[in-house]
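Taking it in order: structure first as structure tokens, then the write-up.
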Amino acid sequence: MSIALRSFAKINLGLKIGARRADGFHELRTIYHTIAPHDIVRVEVEVGEGIEIRCGDPRVPCDATNTCWRIAERVLKVAERRNRVVIEIEKRLPVQGGMGAASSNAVVTMLGLERALGVSLTQQDKLHIAAEVGSDLPLFLIGGTVLGVDRGQDVYALRDLPETALVVVTPPVGVSTPQAFAQWDALMASEDALTVNAHAGTIIERDQADSAWLSERLLSWAVPAEGPASGVPAAGGDRAETPLLDLVRTGIENDFERVVFPEYPELREVKSVLQREGARYASLSGSGSTVYGLFASAEGAEAAAARMRAAGHAAVATRTLTRAEYWKSVASGQ
Ligand code: C5P
């Protein structure tokens, strides 16, 4: 029997990159939010051995480097099972798009595999396995509005922001996250860092107005969630509060924009178009290439997306997914 799951995307509401650590990772502070666009992942367990990945998109590797493959291997080991596992990925989300698609694919593979094998891993085990495979997998075990700290894998359920309309634009370029981090290191090391800021002067002014709007909203809404929600354990409490307040007080911006926009000026342009089209807040998601804009209404988002499509942008109007909706929809297949 094949189990079909929806594998939702995420955006980052602000992303602060800290120092490069001895283990090669960077300290991160970000708020993740799940959104409605998704891939479909089908998981099947058979008698035998070996993991097989099927995907019609040639940009998706079907070997042991695939996040789904890596997580399936770990789940089989923890569950102490020997089976043949077939994972089919129906790709709708962009590859290397900054929306966490590969991470989300892996997490729902784990959920599907649990069901297909008839085993039940603890939330702790799942968080641990997810964090081993990649820094932005664990957020998909929480859903909704999620604070990410440490290297991004340490996640806390926040009180959900109300459903928000947004326009997601996926320019036809893939941005390598490790490369973007390396460029960030170079930027930090460079004495020219201030010049870069000055060069982007006019945009930064506009960004600060957007940041104030979003920071205010987050301050009033995104306090740590109080109780268990949709089968996920309560998380956060005091540990989550300080980094969150810190993040929103210092302004909500995505540090990756400082290295990704100079390399791909067309992404900066997409952000400007979203702002001109009435987005209350616009930003690169993760290391890109996805750029999104939050809108005051679904109608506003629809109209902006339609105008942007007419101008040649790959723009889609969609909405954020609260934690409850995320969990209700993950298991509902297509
Ligand atoms: O954790 P993940 O496998 O997604 O990370 C991919 C690469 O991105 C890492 O090998 C590292 O180079 C970089 N990274 C980082 N700091 C983070 C997350 C990722 O430097 N917090």
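Since every read-out is calculated from the coordinates, none of them should be taken as a lab result. Since this is a predicted model, take the numbers as computed values, not measurements. Every residue, glycine as well, gets a Cβ built from its backbone with ideal geometry; the counts of neighbours run over all protein chains shown.
Brief remarks on what is shown
- In order through the stretch 49-56: 3J(HN,Hα) via Karplus (6.51 cos²θ - 1.76 cosθ + 1.60), integer Hz, x for Gly, Pro: 9, x, 10, 10, 10, 10, 7, x
- Backbone phi angles across the stretch 18-25, fed through the Karplus curve with coefficients 6.51, -1.76 and 1.60 (θ = phi - 60°), yield HN-Hα couplings of x, 6, 6, 9, 4, 7, x, 8 Hz in residue order; Gly and Pro are listed as x.
- Global form of the stretch 51-175, assessed from the alpha-carbon gyration tensor, a/c cut-off 1.5: oblate
- Note, ³J(HN,Hα) from phi for the stretch 86-100, Karplus 6.51, -1.76, 1.60, rounded to Hz, x at Gly and Pro: 10, 10, 10, 10, 9, 7, 10, 8, x, 8, 6, x, x, 9, x
- Over the stretch 5-75, equivalent-ellipsoid semi-axes from the Cα gyration tensor in Å: 30, 18, 11
- Rg/Rh (Cα only; Kirkwood hydrodynamic radius) as it applies to the stretch 267-334: 1.03
- Of the residues 24, 14, 51, the one whose Cα sits farthest towards the positive end of the charge dipole of the stretch 13-59 is 14 (charges of +1 on Lys and Arg Cβ, -1 on Asp and Glu Cβ, taken about the Cα centre).
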